[in-house]
Amino acid sequence: MRHDGSVELIAHRGGNERHLLGPALAVADTVELDVHLFWFRLEVRHAKALWPFPVFWEKWHLMPNVPRPPLGTILEAAPDDAHLWFDLKGFSTRLPRRLLGEIHDRPHITASCRSWWALRPLRRVARIRTLWSIANRQQLWLVERLSFADLGDGIVMQERLATAEVLSRLRPRASTVIVWGVHDLDRALELHQLGVSGIIADDLDLLADVRRHIALTEGPDGTDL
């Protein structure tokens, strides 16, 4: 999480395996990992399961030999001062409650979920940043019309939804707006100019390029040089 006025750079799936943590932490401000509750165990993976069987798929393709490290092994490998972002994959509040039991008193934590109600147990913990996840236009439509809803600490949304008009409507209600699915430098810099709080990308080289470009064009407080 950045506090100097610049954009927060987040490594997508950067914590899904132990060996990915080091390279991700060397580049990004925050490392994201995907957490599932599967047969009473918190495990880290992006692929979905054909529950109750240990058969996994992604983008409608079966995924053999999916790494499924227990969350505990990732937490053991992550430095105590690392900012970890847990993207919760599920509908039940059992998942965030189990997560609370695993992270103990780690100080730098973000949690997001597309099942917005599942964030309730985490929103009671002041040190945890909670973000509503918006993946499609239907969810965006719903959020914009739930004008009475408390969006917690903000939202994280798919980059294709992040237009100037949408961001201007959301900003009064969401102090933090982060986007995921960014794949090229021009789009990342465009989003930065639109005022997003953070950018999530798989490509660590892209995140490094974004940081270098911003450092060359802006001062430490985010103002133009």
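The values are calculated or read from the model by the stated rules, or taken from the named source; none is laboratory data. Note that the coordinates shown come from a computational prediction; the quantities given were computed from them, not determined experimentally. A quick note on method: Cβ atoms are made from the backbone with ideal geometry, for glycine too, and the neighbour counts reach across all protein chains shown. Ligands, DNA and RNA are stripped out before the accessible areas are found, and what is left, the full protein with its side chains, is counted by its heavy atoms. Shrake-Rupley method; radii C 1.70, N 1.55, O 1.52, S 1.80 Å.
Kindly express, to the nearest 10 degrees and within the range 0 to 90, the angle between helix 204-217's C-alpha long axis and the longest C-alpha principal axis of the chain.
Helix 204-217 and the main axis of the chain meet at about 20 degrees.
Using only the Cα atoms of the range 114-216, build the gyration tensor, take square roots of its eigenvalues as a ≥ b ≥ c, and label the shape rounded, prolate or oblate: rounded if a/c is under 1.5, else prolate if a/b is larger than b/c, else oblate. Don't jump to the answer; show the numbers that get you there.
Details: a/c = 2.05, a/b = 1.57, b/c = 1.30.
Note, shape of the range 114-216 comes out prolate.
In square angstrom, what is the accessible area per residue of the chain with a 1.4 angstrom probe? If you can, show how the numbers build up before the last one.
On the way: 11550 Å² over 225 residues.
Value for the chain: 51 Å² per residue.
Would you work out which of 174, 215, 20 lies farthest towards the positive end of the dipole of the chain? Charges go on Cβ: Lys and Arg +1, Asp and Glu -1.
174
How would the range 12-121 be classified by its alpha-carbon gyration tensor: rounded, prolate or oblate, with rounded meaning a/c under 1.5 and the a/b versus b/c comparison settling the rest?
Numbers: a/c = 1.76, a/b = 1.21, b/c = 1.45.
It is oblate, given that a/c is not under 1.5 and a/b is not larger than b/c.
Using only Cα atoms, what is the ratio of the radius of gyration of the chain to 2.2 N^0.38 Å?
Numbers: Rg = 17.2 Å, N = 225, 2.2 N^0.38 = 17.2 Å.
Against the empirical 2.2 N^0.38 Å value, I get 1.00 for the chain.
Percent relative contact order of the range 146-225, based on C-alpha pairs within less than 8 angstrom and at least six residues apart? Working shown, then result.
Values: 78 pairs, mean separation 19.2, N = 80.
Relative contact order of the range 146-225: 24 percent.
Rounded to a whole number, what % of the accessible area of the chain do carbon and sulfur atoms account for, probe 1.4 Å? Mind showing how you got there, number by number?
Numbers: 6540 of 11550 Å².
In the chain, the share of accessible area belonging to carbon and sulfur is 57 percent.
Could you give me the ³J(HN,Hα) list for the range 34-43, computed from phi with Karplus coefficients 6.51, -1.76, 1.60 and θ = phi - 60°, whole Hz, x at Gly and Pro?
Each residue of the range 34-43 in turn: 9, 10, 10, 9, 10, 6, 6, 10, 7, 10 Hz.
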